[in-house]
Amino acid sequence: MARGRAGKAQPKKMKKPIKVGTVTSDSCIFPAKGASRQRVLSELDEAHDEDFWFGGGRILGSMCTKPHDIAVEAQSMFIEANLGNPGLYPGTRKLEEKVIRWLSALYHCEGCSGHLVGGGTEANITALWLARNMSSGKKEVVFPSSAHFSLRKACNLLALKPVEIPLGDDFTIDLDQARRAISGDTAAVVGIAGTTEVGAVDDIPALSEIADGAFLHVDAAFGGFVLPFMPALGMRAPPFDFSIEGVSTLGTDPHKMGLSTIPSGAFMLRDEAWLDFISVDAPYLTQHRQTALSGTRCSAAVAATYAAIRRVGFDGYVKLVKGTFDVTKYLSKSLRREGFHLCLEPPLTILNIAFDDPKKVQAALLKKGWHLSVAREPKSLRVVLMPHVTKKVADSFVEALVKAAKELKAL
Ligand code: PLP
């Protein structure tokens, strides 16, 4: 830094000209002139072709899926909407209110409030933000080691201390250890309804009991659009929502099994008055108070979530979830028949195939065009069954996996 007359540090004057010119693929130049529409579209096409799409069927490592057509339509209809400034968008605001009411019914909480957010990460951050501000000075957040990394991100942002609890044999939080970890310094306890790695559902009623009045957040990013539809299929679904008295907040992701567009999440809270704890003045906007983490919000996704839920309905989700469980069962059978070992009976629609070195198998599959991920606990190849994965896709996946495993001498 240069020194001025008085000896004070002066920032160097940046007088570099902005580089403008003809855009090439590797230059760092701002386009000098607008390109033709055709040119732009062909560049977009090129990028689009490089991406992998759910319709191709070979993405078996994502909790998202191809959104419902009507959600895509809604997204483009509402592309200008911005609930960061809701006075301009009373229609979109009504759609959001309706979705929140529907989700309140789905999660057994008539008086619940909330708003639609960008996904599970934003819901988790908002929950811990609220918990921290409500708990006046408490610093610790107790959650299972299976928690999504967004909770560690949230702790880091909010200067909270993560207290990770190991898992029991069923890959849910060890309740004894959780009990011992909860203290007078606990700002929040978090339970997961559908863990990212295996789909396990923590014992939320028990957590609620041992939390003993502490703020309890349920991360149902994945399970939130699966668990409510299981009883209609005669399947046992562990309780996880506001029907449990101690649950304070819940996050869920309509952009996963809900068939909405990305980014669609929902943050739900038991008592609307709690929003005061995270409210900020927004003097120049049409509504002078903001309680969402984002300012400008992708509100087209609100319309998409409305459209998906309205079009699919409870019955439609029951069918969708049934189809996904059917493929999960079908694939488990085929894998076992081929001699693969599954680390656990799948609690939801994720399969974990045991390998000594799952990353090697993952890489070999990638070379064959299959996209999977690996889990740390249990060490395994992780297969996420979403609605775009059909039995036909499952068959070709087994074929590819057998080949890859044989090449690696892992079968
Ligand atoms: N919570 C859980 C349990 C998840 O599985 C995920 C993502 O897969 C998240 C939170 C984060 O959600 P998002 O990626 O929508 O922010």
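The values are calculated or read from the model by the stated rules, or taken from the named source; none is laboratory data. Since the model is a prediction, treat every value here as computed from it, not as a measurement. No Cβ is skipped: glycine too gets one built from the backbone with ideal geometry, and neighbour counts run over all protein chains shown. Please note that ligands, DNA and RNA were not included when accessible areas were found on the heavy atoms of the full protein model with its side chains. Shrake-Rupley method; radii C 1.70, N 1.55, O 1.52, S 1.80 Å.
Yes or no: Arg270 open to solvent by 20 Å² or more (accessible area, probe 1.4 Å), under 15 Å from Lys98 (Cα atoms) and modelled with pLDDT of 95 or more?
no
Those residues that are away from the ligand (no atom under 15 Å from the Cβ) and either free of Cβ contacts under 8 Å to residues at least 12 places away in the same chain or on the phi > 0 side of the Ramachandran plot (or both), I need them from the range 175-229; list them, please.
The answer is Asp176, Arg180, Asp212, Gly213.
Given the residues Gly120, Gly168, Gly84, which is the only one that is open to solvent by less than 30 Å² (accessible area, probe 1.4 Å), at pLDDT below 95 and in the same structural domain as Glu209 (by TED's automatic domain parsing)?
Answer to the selection: Gly84.
State which residue pairs qualify: first residue in contact (Cβ under 8 Å) with a residue 60 or more places away in the chain and inside the range 318-334, second residue surrounded by fewer than 19 Cβ atoms within 10 Å (Cβ to Cβ) and of a type in the set (Lys, Arg) in any location, beta carbons under 6 Å apart, and separation of 6 or more residues or different chains.
If the second residue must be surrounded by fewer than 19 Cβ atoms within 10 Å (Cβ to Cβ) and of a type in the set (Lys, Arg), the pairs left are Val327/Lys391; Tyr330/Lys391.
Within the range 91-104, is there a residue that is part of a loop (DSSP other than H, G, I, E, B), more than 19 Å from Ala273 (Cα to Cα) and either modelled with pLDDT of 95 or more or not small (Gly, Ala, Ser) (or both)?
Checked the range 91-104: no residue is part of a loop (DSSP other than H, G, I, E, B), more than 19 Å from Ala273 (Cα to Cα) and either modelled with pLDDT of 95 or more or not small (Gly, Ala, Ser) (or both).
In this structure, does Thr286 turn out to be farther than 19 Å from Pro231 by Cα and under 23 Å from the mean Cα position of the chain (by Cα)?
no
Among the residues of the range 66-81, what is the count of those that are surrounded by 16 or more Cβ atoms within 10 Å (Cβ to Cβ), part of a loop (DSSP other than H, G, I, E, B) and of a type outside the set (A, V, I, L, M)?
4
Can you tell which of Leu160, Leu128 is within 16 Å of the ligand (Cβ to nearest atom), at pLDDT 95 or above and either farther than 27 Å from His255 by Cα or open to solvent by less than 40 Å² (accessible area, probe 1.4 Å) (or both)?
Leu128
Val247: of a type in the set (A, V, I, L, M, F, W, C), at pLDDT 95 or above and either out of contact with any helix residue (DSSP H, G or I) (no Cβ under 6 Å at 6 or more places or on another chain) or within 16 Å of the ligand (Cβ to nearest atom) (or both), yes or no?
yes
Working only within the range 323-367, note down all residues that are surrounded by fewer than 17 Cβ atoms within 10 Å (Cβ to Cβ) and either assigned by TED's automatic domain parsing to the domain that holds Phe229 or not basic (Lys, Arg) (or both).
Answer for the range 323-367, where residues must be surrounded by fewer than 17 Cβ atoms within 10 Å (Cβ to Cβ) and either assigned by TED's automatic domain parsing to the domain that holds Phe229 or not basic (Lys, Arg) (or both): Gly323, Asp326, Tyr330, Glu338, Gly339, His341, Glu345, Ala354, Asp356, Asp357, Ala363, Leu366.
Of all residues in the range 131-154 being in a helix (DSSP H, G or I) and more than 14 Å from the ligand (Cβ to nearest atom), which is least open to solvent (accessible area, probe 1.4 Å)?
Across the range 131-154, the extreme among qualifying residues is Ala131.
Pull out all pairs, ordered by first then second residue, where Cβ-Cβ is under 9 Å, the residues are six or more apart or on different chains, the first lies in the range 244-258 and is among the hydroxyl-bearing types (Ser, Thr, Tyr), and the second is in a loop (DSSP other than H, G, I, E, B) and within 9 Å of the ligand (Cβ to nearest atom).
Thr252/Ala221; Thr252/Phe222
For the range 30-65, which residues satisfy the criterion of being away from the ligand (no atom under 16 Å from the Cβ), surrounded by 17 or more Cβ atoms within 10 Å (Cβ to Cβ) and under 17 Å from Lys256 (Cβ atoms)?
None; the set is empty.
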